[in-house]
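Taken together, the values in this text are just the output of simple stated rules run on the coordinates, not laboratory data. The model shown is predicted, which means the values in this text are computed figures rather than measured ones. Every residue, glycine as well, gets a Cβ built from its backbone with ideal geometry; the counts of neighbours run over all protein chains shown.
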Amino acid sequence: QVRLAESGGGLVQPGGSLRLSCAASGTIFSMYAMGWYRQAPGKQRELVAAITRGGSTNYADSVKGRFTISRDNAKNTVYLQMNSLKAEDTAVYYCNGALRDHRGVEYVHWGQGTQVTVSS
């Protein structure tokens with residue numbers, strides 16, 4: 001079945017960088033729109049960045065200019081490059097994949113999440 005596995009999280013100092021990876025298996029990766037969400041303690045899960053099958057991207061205002069989402073279809077992997085990290089970026093980051101098939105039915109898959117902690 002479809003599986004999404006995040007990696008790359010960890011502890012980083014403010015101003016530092018991390019690159020998250022999400023590897024997909026059991027699906028036709030290139031057909032899915034992919035996204036990164038995050039959830040901080042006591043807050044709702046929010047969309048951080050998304051990328052369509054065609055490579056169009058969208059970012060939350062809070063991360064524009066600092067984060068970059070990309071995908072490598074040959075490796076079935078989506079990335080989130082995070083630069084100039086701030087304490088408020090601390091959260092569990094989740095990979096998401098979405099596909100609407102020819103019948104109009106949407107399939108959504110989630111990874112287990114990876115912790116990103118930005119602290120001195």
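Data for the structure
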| item | result |
| --- | --- |
| Placed amide H near Gly113: partners under 5 Å, 5+ positions off or other chain | Glu6, Cys95 |
| Extended-chain gain in nm, criterion 0.36 nm per residue less alpha-carbon gap, Gln13 and Gln44 | 8.8 nm |
| Distance in nm between pseudo-label sites at Gln115 and Thr57 (7 Å out along the Cβ direction from Cα) | 2.8 |
| Karplus (6.51, -1.76, 1.60) ³J(HN,Hα), θ = phi - 60°, over the range 52-68, in Hz, Gly and Pro reported as x | 7, 4, x, x, 5, 10, 8, 10, 5, 4, 5, 10, 4, x, 10, 10, 9 |
| Only Lys, Arg (+1) and Asp, Glu (-1) charged, at Cβ; the chain dipole about Cα centre in debye | 120 |
| Per residue Cα convex hull volume in Å³ - calculated over the chain | 102 |
